[in-house]
Amino acid sequence: MDGNGRWAKRRHMPRAFGHQRGVEAVRRTVRAAREMGLEALTLYAFSTENWRRPEDEIGALMGLLKRFIVDDLDEFAANNVRLKIIGDHSAFAPDVVELIDKAVARTAGNDGTTLAIALNYGAQDEIARAASKAAGKGAVTVETISAELDTADMPPLDLLIRTSGEVRLSNFLLWQAAYAEMCFLDVLWPDFTPDHLADALAQFAQRERRFGGR
């Protein structure tokens, strides 16, 4: 979900305003994903590198995260959405950790769309953690590493969408993206709509996936 800061800058507004509008795009996208029948949706919300940002921006992001969970949890529960966290959210403030853990527990029994939110997440860190756990249990193979990933209980990644016109993965789901289809959109995240999601899915449906075969 890239482009919140640039969206705000183009409107001569503070970055926090862009993040606020980005949360609105999250709500639109989650609702659309559920209505379209997607099995899982993963959103990259806060990376391991985001700690380098100014403290006031990090504080604003944490505030928005808390508000999003408080305001939307009832809707998740009512619509059979399962909330999952990938990454190490234990690094956040205790009140944020408690709020997240309660939200995850409340929706754990839901079997509709899984909404995975990447918090304090970096794919290289995830792979290193998974490999270390696999080594502690025996042989290190593709299968044993895959079983220790944060996404081990989720379906394979089919489509990876990046907004804002940037054409790179930025340490997101590197292992899972091995055979995923990529879609890079020249739209800033606050302007992302269900129509953009539908168009990306339509592009995906037209692609021939061979997974290394002919």
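The values are calculated or read from the model by the stated rules, or taken from the named source; none is laboratory data. From a predicted model like this one, the values you see are computed outputs, not experimental measurements. Here the Cβ is made from the backbone with ideal geometry for all residues, glycine too, and neighbour counts use every protein chain on show.
Every condition in (1) surrounded by 18 or more Cβ atoms within 10 Å (Cβ to Cβ); (2) out of contact with any strand residue (DSSP E or B) (no Cβ under 9 Å at 6 or more places or on another chain) is met by Asn120 except one, and the failing one is (2). Screening the candidates Gly5, Gly22 for the property of being surrounded by 15 or more Cβ atoms within 10 Å (Cβ to Cβ) and in contact with a Pro (Cβ under 7 Å, 6 or more places away or on another chain) yields one hit, Gly22. Taking the stretch 44-65 as the range and being part of a helix (DSSP H, G or I) and more than 16 Å from the chain's Cα centre (by Cα) as the test, the residues that pass are Trp51, Arg52, Glu55, Asp56, Glu57, Ile58, Gly59, Ala60, Gly63. Return the pairs, sorted by first residue and then second, in which the second residue is polar (S, T, N, Q) and at pLDDT below 90, the first residue lies in the stretch 203-214 and is more than 15 Å from Ile161 (Cα to Cα) and surrounded by 10 or more Cβ atoms within 10 Å (Cβ to Cβ), the beta carbons are less than 9 Å apart, and the residues are 6+ apart or on different chains. Taking only residues 6 or more apart or on different chains, not a single pair turns up. With respect to the conditions (1) crowded, with 16+ Cβ neighbours inside 10 Å; (2) outside any strand (DSSP E or B); (3) not small (Gly, Ala, Ser), Ile161 falls short on a single one, namely (2). Here the stretch 74-96 is the region considered, the condition is being among the aliphatic types (A, V, I, L, M) and surrounded by 15 or more Cβ atoms within 10 Å (Cβ to Cβ), and the residue that is nearest to Gly37 (Cα to Cα) is Val81.
Considering the stretch 164-200, and only residues there that are touching a helix residue (DSSP H, G or I) at 6+ places or on another chain (Cβ under 8 Å) and among the β-branched types (Val, Ile, Thr), the residue that is surrounded by the fewest Cβ atoms within 10 Å (Cβ to Cβ) turns out to be Thr193.
Restricting attention to the stretch 97-135, the residues being over 30 Å from Glu35 (Cβ atoms) and touching a Phe, Trp or Tyr at 6+ places or on another chain (Cβ under 7 Å) number 1. Taken over the stretch 99-111, the criterion of being buried (at least 16 other Cβ atoms within 10 Å of the Cβ) and not in a helix (DSSP H, G or I) is satisfied by Asn110 alone.
Can you tell me which of Ala123, Ala135, Ala139 is of a type in the set (A, V, I, L, M, F, W, C) and within 15 Å of the chain's Cα centre (by Cα)? Result of the check over Ala123, Ala135, Ala139: Ala123.
Output yes when any residue across the stretch 78-86 is more than 17 Å from the chain's Cα centre (by Cα), basic (Lys, Arg) and farther than 20 Å from Ile58 by Cα, and no when none is.
Checked against the condition, which is being more than 17 Å from the chain's Cα centre (by Cα), basic (Lys, Arg) and farther than 20 Å from Ile58 by Cα, the stretch 78-86 yields no hits at all.
Applying the criterion of being surrounded by 14 or more Cβ atoms within 10 Å (Cβ to Cβ) and touching a residue at least 40 places away in the same chain (Cβ under 8 Å) to the residues of the stretch 144-158, the residue that is farthest from Glu39 (Cα to Cα) is Asp150.
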